[in-house]
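Contents: one structure, followed by commentary.
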Amino acid sequence: MNLRRDVFQAIADPTRRAILLLLTAAPSLTAGAIAANFNTARPTVSKHLQILTECELLQPQQNGREVHYQLNPKKMKEIADFIEPFRNMWDDRFNKLEMIMKQRAKKKPD
Amino acid sequence: MERKTKIHAEDGRQELTITREFDLPVELLFEAHTDAVIIEQWMGNKVLKFEAQPHGGYQFETIDPQGNILFRANGVIHSLVPNKKMIRTFEMENVPFDVQLEYLEFEAVTSETSQLTMQVVYRSVELRDQQLKMPFEYGINMAHNRLEEIVKHLK
């Protein structure tokens with residue numbers, strides 16, 4: 001059993017991405033309403049909801065007999081932030097490129 | 001300092017776009033991408049070969065002080081138009097990332113400034129996301145290693 005699920009593993013699955021997308025359009029939905037959007041069996045959708053809840057991308061809320069799911073904005077931001085190191089890596093390289101070429105231009109004025 | 005490089009990676013797509021404006025004439029920006037000696041200086045790896053011409057091949061390598069190969073990549077340049085564009089493939093050796101296709105466009109903004117647009121196409125959405133995460137995970141590993149070092153010194 002996975003004790004701690006990886007957020008990125010969670011969003012690697014197309015159905016789970018679709019569920020997240022669905023919840024950006026509708027702020028809160030029941031499991032049944034979510035499942036109605038997919039051709040897959042209800043237990044499969046429940047499993048996806050469970051995984052997304054375990055990695056805290058979804059926040060379930062008990063409303064009487066029904067559970068409503070909504071996005072956890074804090075965790076969603078974490079996904080957006082993982083691109084930062086990739087961006088910084090390229091930015092560092094390009095800064096270096098700029099510096100090197102400026103120095104070369106100074107050395108050999110035409 | 002503000003980061004000038006922008007990454008556009010749409011959810012669920014197998015490509016990403018890197019854009020950056022340079023305080024350099026487009027000729028110098030292009031030269032920095034086609035001269036083996038200069039590439040080596042800013043990319044931070046050894047350039048074993050860089051044939052700046054259509055059908056030309058290139059190869060990058062990084063070796064640690066013990067002589068182990070940490071990184072090796074190669075590719076073929078498909079099209080090269082001076083100060084305008086380069087289309088090439090890129091493949092890291094010994095890792096399951098498959099070949100990626102890169103479209104580099106060089107544009108003059110003014111006579112002294114230019115812009116690079118780099119569109120990178122991966123074989124699948126999953127491979128793109130893995131690539132995007134690499135520096136992120138590397139950063140985490142580095143932080144763990146640093147922590148281990150510090151803890152070791154405490155003992």
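Nothing in this text is a laboratory measurement; each read-out follows from the coordinates by a stated rule. Predicted model, so just to flag it, every value in this text is computed and none were measured. Counting neighbours? That spans all protein chains shown, and the Cβs are built from the backbone with ideal geometry, glycine included.
Just a few scattered comments:
- Applying both filters, DSSP loop and at most 12 other Cβ atoms within 10 Å, to the trypsin sites (Lys or Arg not before Pro) of the stretch A:15-76 gives A:ARG65.
- Paramagnetic reach from B:ASN94 (point 7 Å along Cα→Cβ, amide N under 14 Å) across the stretch B:61-84: B:61-74
- Long-range HN-HN contacts of A:ASN72 with modeled amide H, under 5 Å: A:LEU58, A:GLN59
- Averaging over all projection directions, the Cα-based convex hull of the stretch B:6-154 occupies 10.9 nm² in the image plane.
- For residues of B:127-134, the mean tally of beta carbons on other chains within 10 Å: 3
- The stretch B:109-116 - phi-based ³J(HN,Hα) in whole Hz, Karplus 6.51/-1.76/1.60, Gly and Pro as x: 8, 10, 5, 10, 10, 8, 10, 10
- Taking label positions 7 Å along the Cα-Cβ direction at both A:VAL67 and B:HIS8, the computed distance is 3.9 nm, reported to one decimal.
- Neighbouring Cβ atoms from other chains, within 10 Å of the Cβ of residues in B:2-9, number 5 on average.
- Each of the peptides A:54-60, B:13-19 was scored by the mean count of other Cβ atoms within 10 Å over its residues; in descending order, highest first, they stand as A:54-60, B:13-19.
- Residue of A:ASN37, A:ASN95, A:ASN63 that the Gaussian network model of chain A assigns the largest fluctuation, springs spanning Cα pairs under 10 Å: A:ASN95
- Evaluated over chain A, the count of Lys pairs having alpha-carbon atoms less than 28 Å apart is 6 (only pairs 8 or more residues apart or interchain).
- For a label point 7 Å along the Cα-to-beta-carbon line of A:ARG17, residues of the stretch B:1-21 with backbone N under 17 Å: B:8-17
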